[in-house]
Amino acid sequence: MSSTENPGAQASTPHAFQADVARLLHLMVHSIYSDRDIFVRELISNAADACEKLRYEAIAHAGLVETSEGFAIQVTVDAPGNRLIFADNGIGMSHEELIGALGTIASSGTRAFLEKLSNGENEEQSKGADLIGQFGIGFYSAFMVAEKVVVETRKAGTSEAWSWVSEGKGVYEVSPLPLEAAPAHGTRVILHLNEAGKAYAEPGRLERIIHEHSGAVAVPVDLIETEGAEPSRIAEGSALWMRAKSEITPDDYTDFYRGLAGQFDEPALTVHWRAEGRHEYTVLAFVPGARPLDLFEPARKGRGKLYVRRVLITQDADILPGWLRFVRLVVDSNDLPLNVSREMIQDSPIFAAIRKGIVNRILQELGKFAESDPEGYKKLWRNFGAVLKEGLYEDPERRDALYKLARFATSKESEPVRTLGDYVADLRPNQTAIWYIAGEDPKRIATSPQLEGFRARGIEVLLLSDPVDAFWVETAVGYEGKPFKSVTHGAADIKLVPVLEGEKVASSEPPAADVATLLAFMKETLADSIEDVRASERLAESAACLVAPEHGRDRRLERILAEHGNAGLISKPVLEINPVHPMIAALAHRFASGADRALVEDAAWLIHDEARVADGDAPADSAAFSARLTRVLTRAAQAPLAGE
Ligand code: ADP
Ligand code: MG
């Protein structure tokens, strides 16, 4: 679609919305969501973005800005006509940009939002309505209150203007707009209000909403109470981050955060500081109070707004590493050069130094927050701990700082509140390692038989159930000289740690002769499935468990890595047996007597399969498993009753 040729006078071209947009619109129009106010925020935020874009462009291209009054957004109420008009003197859109921007969905956040909706069938549809509130859904939110939307726009520095019209029902039309009817540059969004929207054609209400949701945008907002009336300024458009902290209320911060993040929650942590020293810059950063939906989307990046002396350079500057991608922030620098390209600004060594300073400060503030508000930090860690832990393997330089921030659920604390410092302070006598168990299901790993011997000795075990744990724990060198070791990997050298009073564990003495014979027979029977059968030190109540051999990788890690595309050879496990378990003792006795070889063979396989089930796996061969189980149960049922 070319916009350069002179378009025919009244030609109006119909276009179909991209399928995703049509779905989103359907949702907007039929939304039962009661808080429709957000369309105001979305339209003002787009208008402010457009002004900031032009402010930047005008540095390199003098003459682009035609008005001398400065940038402003005007909201006009036309109550008799049932219309609202959002006008800006920003950059405007060319024909091509118009079609690209208002007919498709580009933002990854919006796409994630739509996916969430379509995954969860019908009963989720109503929840979808709530999600709208949580999400920045942009321009299309206008259709929550309008039966028809007209966009009139002229790109700065061009001599053509366009009108875009839609009733939000699958199609929109674009036609040329005579220049005399168009703004000098910028965009007018005209809403023809629907039944639900009529209540917004009221200046008082609109003013309140603008204060509430857009009081902190970086461009002033004027309200025109009725067409032809004098505009009155209702938001100053001063950059919030440049104001003194003492003049900023918590509500100001929250509003600003919501506009920045496109979320509707309260920020969990707000950090605002001015760096003075080698480099001068101001940072206003927020940790959201809720998880954004696209937190784990591969395309999700740390979104930071970068300003140079109040001029917005880019909306998504690469300021923070991936493991801080949940932080939303604005950075305004006095030192960066303004008159070079965006790329050159971001490649400059000054920017690198600023980034480093910001990461350090945010880590420091997270640490302070953890100390001053443990409950708040617990929630923050639940939301974003899995992301922060990515830093443990991506950024070895920050590992120590991140170890201090990390919180773990353990065999002693089901909530993720234990620090590695706590863990090391509570080491048992002769305990030389930090023990962990990894797996996908936190409930199941907490009840693993492999933990029994550790519990009986009072040894705390970290319960690692985030997929990212498999990655960092592999490369972690240890904490305060204590290596990380898996309880399901290799021999558990814990026999020197005293058993707690009243607890029993599998004996660490060599097994009795008949048990040793039984183990040898089991090893022969199960040879295809396992690497070894040996007497265990890590069991207490259970008869058996599976562990990884010394030379292999932890089995659960192996599995998690395989799921994430790092399939290596899955090694055969070792079957560990509790030699003093009554069932094992009885089987050993029976086997030594020479009777019932077939029963013992069935039992060997059943014990093996039971250990698999305890790990959350299916029996190795389910048909064989049920045949064996039936045989053994039949025998047990047919055994003579006592006294017969
Ligand atoms: P987002 O603002 O997150 O990109 P929106 O749905 O709010 O998503 O807007 C889509 C796009 O439409 C914007 O990125 C911008 O390119 C364009 N747009 C919307 N409103 C305006 C406006 N007032 N002036 C210029 N461009 C606009
Ligand atoms: Mg927007």
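Here are the numbers for the structure shown:
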quantity: Dipole of segment 513-638 [Lys/Arg +1, Asp/Glu -1 at C-beta], most positive-end residue of 548, 588, 526; calculated: 588
quantity: Hydrodynamic radius of the chain per Kirkwood, over alpha carbon pairs, in Å; calculated: 29.3
quantity: Packing rank of 218-225, 247-254, where each peptide gets the mean count of other beta carbons within 10 Å, highest leading; calculated: 218-225, 247-254
quantity: Other-chain or far-sequence residues with amide H under 5 Å of residue 222's (modelled H); calculated: 73, 74, 75, 234
quantity: Size of electric dipole in the chain: Cβ of Lys, Arg +1 and of Asp, Glu -1, about Cα centre, debye, nearest 20; calculated: 1020
quantity: Computed E for residue 290/residue 64 - FRET, C-beta separation, R0 41 angstrom, nearest 0.05; calculated: 0.55
quantity: Burial ranking of peptide ranges 603-610, 499-506 (average Cβ count within 10 Å, highest at the top); calculated: 603-610, 499-506
quantity: Selected from 385, 73, 174, residue furthest toward positive end of dipole (the chain; charges at beta carbon); calculated: 385
quantity: Partner lysines for residue 356 [C-alpha distance under 25 Å; skip if fewer than 8 residues away on the same chain]; calculated: 245, 301, 305, 368, 389, 404
quantity: Two-decimal Rg/Rh across segment 385-445, once Rg and the Kirkwood Rh are taken from alpha-carbon atoms; calculated: 0.98
quantity: Order of 340, 468 - criterion: other Cβ atoms within 10 Å of each residue's Cβ, fewest first; calculated: 340, 468
quantity: Options 100, 478, 142, ranked by Cα towards positive dipole end of the chain, top entry (Cβ charges); calculated: 478
quantity: Distance from segment 589-612 to segment 26-103 (C-alpha centre basis), Å; calculated: 76
quantity: Dipole magnitude of segment 241-375 about its Cα centre (Cβ charges: Lys, Arg +1; Asp, Glu -1), debye to nearest 20; calculated: 400
quantity: Eligible lysines near residue 198 by straight Cα distance, threshold 30 Å, same-chain separation 8 or greater; calculated: 127, 148, 169
quantity: Between segment 460-475 and segment 266-280, the alpha-carbon center distance in angstrom; calculated: 32
quantity: Contour minus Cα-Cα distance for residue 233 and residue 101 (0.36 nm per residue); calculated: 44.6 nm
quantity: Cβ charges +1 (Lys, Arg) and -1 (Asp, Glu), total dipole of segment 334-418, debye; calculated: 280
quantity: Two-site label geometry, residue 527 and residue 417: point separation in nm, points 7 Å out along Cα→Cβ; calculated: 5.3
quantity: Relative packing of peptides 392-404, 85-97 - highest average C-beta neighbours within 10 Å first; calculated: 85-97, 392-404
quantity: Amide H partners (placed H, <5 Å) of residue 304, local residues excluded; calculated: 317, 319
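No lab work stands behind these numbers, since they all come straight from the coordinates. If you're wondering where the values come from, they're calculated on a predicted model, not measured in any experiment. Positions of Cβ are generated from backbone atoms using ideal geometry, with glycine treated the same way; all protein chains shown enter the neighbour counts.
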